[in-house]
Amino acid sequence: MGYTMTREAFNKTLASLSKSYKIYAPVGFKGEGRFSDTDVIRYDEIKQVEEIVLDEKSHFSPKEVLHPIRQTLLYFLQDEVIEANTSSEGIIVFLRPCDIHGILKLDQVFLQNGNIRDVYYEKLRNKIKFFMIECTTGFDGCFCVSMEANKTDLYTAAIRFDENISIDLKDDDLLHYFKEEKQIDFQPEFIEKNKLEVKLPPTEKITPEFFDSSLWKEYSERCIACGRCNFVCISCSCWTMQDISYQDNPHQGERRRVWAGCHVDGFTDMAGGHGFRKNYGDRMRFKTMHKIYDFKKRNGMSMCIGCGRCDDACPEYISFSKCINKVTEALEEGQ
Ligand code: SF4
Ligand code: SF4
């Protein structure tokens, strides 16, 4: 069902929705960027449409809504373990088509990876409704078309933000929020071509020897293992566990999971001190081949959505999109 409404009317609808849903969208934070006097755009709760940053790519993805940076899973008391509560409110997230694809990759990892579903992720995932922001131009560094992440119909509502707001609503549960608005024919459009294109490698040419290619040496020298590329990436899902004992009673505490990343020191360390990928180039190889090769081999889809956030975030100007093209060239040239 299509609707058109003014921004004032949309804000009233957001106010009604916020009684039952937490509403998240990309929001600008002044002075909180990675350098002094720079800003950051990341996901946070909103009340009004004017808070949503629509004219720039968000630096961080919406993954933190359902895979929080730090999430308490359970509390341990003297002789008892209590699972952490999740709020009963639903969740609405404003996000672009590529990020909906990103969440499908997270679903694969948390819900369809073997026989055990991750209940902590699932509880949040079941509450989420996607309000898709129509995206027809993309931003610098996006290559979603190459990664086939530019289109989707897996949304609750698709929204075009012009002077007025146009909505394609698919969820009957939300119909009563919009029933007073004017009905129109509206279908979202999608970007068909990015300025940046990448060419995915011919996977049949990937051999075990390729993993020792000299191509990765460059990254041993350039990467500083800061992990920014992992943390901004919607499809990087790794975490580590922390058991925290309370200072006033060390027999009580909580278990948290916190984001971790394959580029960061310590990620592959084992008891006895062995680390599987001490060399930073090896970490770049692991991430790259996971994003564009082995995840696809197992799940039928690449892990990368082509958002380009990792390229934007890297302090060493390492470009993941260029890295994919280098892998493809090397394989085509039989290196
Ligand atoms: S472009 Fe980079 S940040 Fe975006 S999904 Fe691909 S690897 Fe992750
Ligand atoms: S952001 Fe750049 S320097 Fe930092 S870990 Fe990733 S590739 Fe290495």
Check your understanding: In this structure, is Glu181 surrounded by 18 or more Cβ atoms within 10 Å (Cβ to Cβ) and at pLDDT below 95?
Key -> yes
Practice item. Would you check if there is a residue in the stretch 314-324 being in contact with a Ser or Thr (Cβ under 6 Å, 6 or more places away or on another chain) and within 16 Å of ligand 1 (Cβ to nearest atom)? Key: yes
Exercise for review: Test Ser302 against the criterion of being more than 15 Å from Phe231 (Cα to Cα) and free of Cβ contacts under 8 Å to residues at least 40 places away in the same chain, and give yes or no.
Suggested key: no
Check your understanding: If you scan the stretch 188-218, which residues turn out to be surrounded by 12 or more Cβ atoms within 10 Å (Cβ to Cβ) and either acidic (Asp, Glu) or assigned to a loop (DSSP other than H, G, I, E, B) (or both)?
Key -> Pro188, Ile191, Asn194, Leu196, Glu197, Val198, Lys199, Leu200, Pro201, Ile206, Ser213, Glu218
Exercise for review: Please list, ordered by first then second residue, the pairs with beta carbon atoms under 9 Å, 6 or more apart or interchain, first in the stretch 56-67 and in contact (Cβ under 8 Å) with a residue 40 or more places away in the chain, second polar (S, T, N, Q).
Suggested key: Ser61/Ser235; Lys63/Ser235; Lys63/Ser237; His67/Ser237
Exercise for review: Kindly establish whether Asp243 is within 14 Å of ligand 2 (Cβ to nearest atom) and in the same structural domain as Lys326 (by TED's automatic domain parsing).
Suggested key: no
Study note, to complete from the structure: By residue number, the members of the stretch 109-125 that are assigned to a loop (DSSP other than H, G, I, E, B) and in contact with a helix residue (DSSP H, G or I) (Cβ under 9 Å, 6 or more places away or on another chain) are Gln112, Asn113, Arg117, Asp118
Study note, to complete from the structure: Of the residues in the stretch 76-127, those that are of a type in the set (Val, Ile, Thr) and loosely packed, with under 14 Cβ neighbours inside 10 Å number 5
Review point. Residues in the stretch 292-303: is at least one polar (S, T, N, Q), closer than 30 Å to Val40 by Cα and within 11 Å of ligand 2 (Cβ to nearest atom)?
Key: no
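The values are calculated or read from the model by the stated rules, or taken from the named source; none is laboratory data. Not measured: the values here are computed from a predicted model. Every residue, glycine among them, receives a Cβ derived from its backbone with ideal geometry; neighbour counts consider all protein chains shown.
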